[in-house]
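S.K.: Dropping the structure in here first, questions after.
What follows is calculated from the coordinates using simple rules that are stated; it is not laboratory data. Fair warning: this is a prediction, and the values are worked out from it, not measured in the lab. When we count neighbours, we look across all protein chains shown, and the Cβ atoms used for this are built from the backbone with ideal geometry, even at glycine.
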């Protein structure tokens, strides 16, 4: 710091010569090489940035080429349906064509129905809060026959009913039997008011019916799901506090801290693939398969007795309510069945096609056959009208006297029964019914001629292929346009020529030439008529490297009628357009490729110039400091001479 202070304070102080300005000018002159190096460095950075932009566009082109070289890309399918209630998907390679589906019955899930009355009857003497109501009673007010009564959950059922009888008075009375309550009066029993705050009447399961006698519509007692197995109010006694069981082979365990709700949640969240719930109306537990179709549900108590206490086991009067399979035809083939509402090749035999149905009609399952009355009874409303034509279908054995493939006409006798006739006239006249000689074995269905229909069309995804080819050509054009712009020169009004940032770069010229040669030439090894881009409607000129779609009709025709040749054009091993572009670009853009090498060399040059500038600046500073030291020494010497001259002048000048 002393040298710096001296520099600032003594420059020309003695000599009168502003040597500091001269030193700065000399240093600035000495920095001239640095300025040239910075210009060179800036040019390198601009080139590197331009190469980075070019690399990005080349990667886009490589991506398009990679898609087009894949043989499976040309097997992609588009799929459509004539109706929204039937949706479809098609894998690559699915056979093109129209598929007409007729859906007669949707698939439904099987259910394991626990036996009812699983919860114990309410206690008439215990407090309402602990009496065992399926619907827990809340305190408040309730109105019967226009009289408001206060309900306390600490009172018993007997006490509360007696209070209602007293409040109403007259001929009003009640009785309790079979876990149900009955109210009677000389006039129609009116229950509830808009101002009621207790759910007592709902807990009694009572609904007004306009008569003088109203009874509970279901048992009052039921399960308390918030309690543990030992205290949940099972009809068959307290359950084991802990244990485990299996549903569809999946083990679910419970402990003495788990409530019934906890156990149901564990079932629902397990891999047993069932939903577990408690039906408060019928007082029973139900397991429902998460998958539709005629599938069973396997159950086993391993330890403890959860399945036994919930009456889900067959041994405890539980029973399986079978699910239904989807019944359909496709292109008049069938009837066929699908386990689930999504049709796959497992049932249709159509590889790669998936169809999901949401509506169906026309199927009626036979419940029984009356051979004496020639009557067919169905499990539910058949929905037929007299004169409707039906056929019979069965994976089992059809009733005697009937045959599959024969058209019958129904004469409806009720919503769940009908007779069969060989002519529509006989059906309408209810005469000459078909003689049904024996009952069916297994499942039997009648199918009418009005199913839910839809046609699914599968075709090559030409739009996607066309778009991708367009993107491929567009990517080529963009690269060529960028190369042209980056290598072109311009001349201003003064005649000064400015070269493009990548002008003179041999790599850029090589890239442009390679892309053009690959894009406009014939593909080697192809003997068909489609052997270059020009064959599918694209063209180039001798004035630019741009490729244009001159004849879109030719491209559309190729996509429609010559997909195989188009596929060959891009996918032929080694020389196909997709393959040759991808291979070239993959090598070019590789970490060890020529583009990466070129950019690395530029980066190294930029770093090297930075080091050269730093080293040169150190020399400039060293030279500057040396000059300053010399000039400071000169100032000091001249100051000393001046002092001596003043001394001599003062000593000898006075003697004159």
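S.K.: Quick check on the range 135-215: take the gyration tensor over C-alpha atoms, sort the square-rooted eigenvalues as a ≥ b ≥ c, and tell me if it's rounded (a/c under 1.5), prolate or oblate.
M.R.: Details: a/c = 1.40, a/b = 1.27, b/c = 1.10.
Because its axes are fairly even, with a/c under 1.5, the range 135-215 counts as rounded.
S.K.: Going highest first, how would you order 113-119, 85-91 by mean Cβ packing within 10 Å?
M.R.: By packing density, highest mean first, the sequence is 113-119, 85-91.
S.K.: Please label the shape of the range 370-441 as rounded, prolate or oblate, based on the square roots a ≥ b ≥ c of the eigenvalues of the alpha-carbon gyration tensor (a/c under 1.5 means rounded; beyond that, a/b larger than b/c means prolate, else oblate).
M.R.: rounded
S.K.: Pop out the Kirkwood hydrodynamic radius of the range 28-92 from its pairwise C-alpha distances, inverse of mean 1/r, in Å to one decimal.
M.R.: Averaging 1/r across every pair of different Cα atoms and inverting gives 17.2 Å.
S.K.: Another question, then. Please give the Cα centre distance for the range 273-337 versus the range 362-387, rounded to the nearest Å.
M.R.: Using only Cα atoms, the two centres lie 25 Å from each other.
S.K.: Let me ask something else about it. Sorted by packing (mean other beta-carbon atoms within 10 Å per residue), highest first, where do 604-615, 98-109 land? Don't skip to the end; give the middle numbers.
M.R.: Working: 604-615: 13.2, 98-109: 21.0.
Put in order of decreasing packing, that is 98-109, 604-615.
S.K.: Moving on to the next point. Please work out the C-alpha center-to-center distance from the range 497-564 to the range 64-90 and express it in whole Å.
M.R.: 27
S.K.: Can you give the direction-averaged projected area of the convex hull of the alpha-carbon atoms in the range 522-619, in nm²?
M.R.: The Cα convex hull of the range 522-619, projected and averaged over all directions, gives 9.9 nm².
S.K.: Using only the alpha-carbon atoms, what does the range 225-321 span along each of its principal axes? Please give whole angstrom values in decreasing order.
M.R.: Taking the Cα atoms of the range 225-321, the three principal extents are 36, 26, 22 Å.
S.K.: If you don't mind, there's one more thing I want to ask. Helix-only estimate, please: 222 nm mean residue ellipticity of the chain, summing -39500 (n - 2.57) across DSSP H runs of length 4 or more and dividing by its residues, to the nearest 500.
M.R.: -11500 deg cm²/dmol
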